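**Student:** My questions all concern the structure below.
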Ligand code: F6R
């Protein structure tokens, strides 16, 4: 059942190209338009929504953080992302014009379920993004967009995360398509680009041996930091979460711009710091800033592990370890940049003798609040 892999997690990491392709199947076409009739929320509700609120936990929350960048960019509708466990306790402002998106692999996470119930009580429309057919969260939502990752067995979420991202991009692009924005051309181009993501993830997976080797060399360390900017920031958070839950290491993700506001004090000789570098194309100002961040931490002794796009030469002089990912549109980069961090965490867990599929103290589906 593990298909020749030692762990379900390894199998599920390897299944990601297919999971991504399956989640796109029947929803995008080559001409760059989307068919999401299955989202049964009427077009006028989507057009009139004046706010999007995303609720989720853990890894699904990180997918939500990335979705915010996409939704606000392509639709110009304000989007908030909140941990489901915090949401209803602060009496959030919700009404009929609020579109709530609840993201959950299992569809049974109690915090997320309670958040969506609260949202519906206030009259908001709820769209679930879920991987489990017929589970409670989609049943209690107004509409559902299923991710087609297939069953995820390992406690640490991998392929479900990538498909949550795909579903979030689809929703963001669809909202843009339905509402009409000045980004219509960009939307069509990105819809077409989504078709090549599965192949890009495949290429990342083919180049992971140096990442595994690097992970093994860090097995005795206690701390690893992760930095990112823009959509790379939630990727950094996700990389850190994977490392905590699997390797039981102290791992933290920061927005690279926050370094100087405190975390840079943590940098000491030999500290491994993973930096997720945005594409030098597009928002190049972010790229230049992160290159300076890498220089700053390296000057203070950090061992820099740099995840950067193929052809990005500016990072080479400052990278102790360079992990290449294929060129992708800026907003889609998390689909490729997350994969090496999953492999890294999985290999570190193995090197430290941890149980990969069943980390201590964790359950696959958290049905208590
Ligand atoms: C991390 C992980 C958890 C889940 C979280 C939400 O690898 O698996 O953080 O992402 O418990 O679970 P779902 O998506 O089932 O609501």
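A short reminder: the numbers here are calculations on the coordinates, not readings from a lab. Nothing here was measured: the structure is a model prediction, and the numbers come from that model. Positions of Cβ are backbone-derived with ideal geometry, glycine not excepted, and every protein chain shown enters the neighbour counts.
**Student:** What FRET efficiency comes out for the pair residue 260/residue 139, r = Cβ-Cβ distance, R0 = 41 Å, nearest 0.05?
**Tutor:** Details: r = 47 Å, r/R0 = 1.15.
The pair residue 260/residue 139 has a calculated efficiency of 0.30.
**Student:** How big is D for segment 191-276, in µm² s⁻¹ as a whole number, if Stokes-Einstein is applied with the Kirkwood radius of its Cα pairs at 25 °C and 0.890 mPa s? Numbers along the way, then the final one.
**Tutor:** Numbers: Rh = 14.3 Å.
So the translational diffusion coefficient is about 171 µm²/s.
**Student:** Could you tell me the center-to-center distance, by alpha carbons, between segment 110-166 and segment 56-91 in angstrom?
**Tutor:** Cα centroid to Cα centroid, the span is 13 Å.
**Student:** Once you sort the root eigenvalues of the Cα gyration tensor of segment 237-300 as a ≥ b ≥ c, which label holds: rounded (a/c under 1.5), prolate (a/b larger than b/c) or oblate (the other case)? Mind dumping the intermediate values first?
**Tutor:** On the way: a/c = 2.23, a/b = 1.38, b/c = 1.62.
Verdict is oblate for segment 237-300.
**Student:** Over the chain, what is the relative contact order in whole percent, taking alpha-carbon pairs under 8 Å and six or more residues apart? Numbers along the way, then the final one.
**Tutor:** Values: 756 pairs, mean separation 72.2, N = 369.
Relative contact order for the chain comes out at 20 percent.
**Student:** Cα gyration tensor of segment 132-209, axes a ≥ b ≥ c as square roots of the eigenvalues: rounded (a/c below 1.5), prolate (a/b > b/c) or oblate?
**Tutor:** Numbers: a/c = 3.40, a/b = 1.10, b/c = 3.10.
Judged from the Cα gyration tensor, segment 132-209 comes out oblate (a/c at least 1.5, b/c at or above a/b).
**Student:** In cubic angstrom, how much convex hull volume per residue do the alpha carbon atoms of the chain span?
**Tutor:** Details: hull volume 48.3 nm³, N = 369.
Cα convex hull per residue, to the nearest whole number: 131 Å³.
**Student:** Order these by the 10 Å Cβ neighbour count, fewest first: 331, 83. Walk me through the numbers before you get to the answer.
**Tutor:** Values: 331 25, 83 15.
Taking fewest neighbouring Cβ atoms as first place, the list is 83, 331.
**Student:** Residue 206 to residue 122: FRET efficiency via 1/(1 + (r/R0)^6), r the Cβ-Cβ distance, R0 45 Å, to the nearest 0.05? Don't jump to the answer; show the numbers that get you there.
**Tutor:** Working: r = 48 Å, r/R0 = 1.06.
About 0.40, to the nearest 0.05.
**Student:** Exposure proxy check: 157, 292 ranked by fewest other beta carbons within 10 Å?
**Tutor:** Working: 157 27, 292 12.
Ascending number of Cβ neighbours within 10 Å: 292, 157.
**Student:** Which order do 100, 191, 178 fall in if you start with the one that has the fewest other Cβ atoms within 10 Å? Mind showing how you got there, number by number?
**Tutor:** Values: 100 28, 191 24, 178 20.
Ranking 100, 191, 178 by Cβ neighbours within 10 Å, fewest first, gives 178, 191, 100.
**Student:** Any chance you could give the angle, 0 to 90 degrees and rounded to 10, that helix 334-351 forms with the longest Cα principal axis of the chain?
**Tutor:** 50
**Student:** Sticking with this one: With a ≥ b ≥ c taken as the square roots of the eigenvalues of the C-alpha gyration tensor of segment 5-153, please select rounded if a/c is under 1.5 and otherwise prolate if a/b is larger than b/c or oblate if it is not?
**Tutor:** Since a/c reaches 1.5 but b/c is at least a/b, the shape of segment 5-153 is classed as oblate.
**Student:** Can you give the helix-only mean residue ellipticity at 222 nm for the chain, where every DSSP H stretch with n ≥ 4 adds -39500 (n - 2.57) and the sum goes over all residues, rounded to the nearest 500 deg cm²/dmol? Could you put the intermediate results ahead of the total?
**Tutor:** Numbers: 14 runs with 161 residues, N = 369.
About -13500 deg cm²/dmol.
**Student:** Given the alpha-carbon gyration tensor of segment 1-50, what are the semi-axes of its equivalent ellipsoid in whole angstrom, ordered largest first, with each equal to the square root of 5 times an eigenvalue? Before the final figure, lay out each step's value.
**Tutor:** Numbers: eigenvalues 243, 39, 14 Å².
The equivalent ellipsoid of segment 1-50 has semi-axes of 35, 14, 8 Å.
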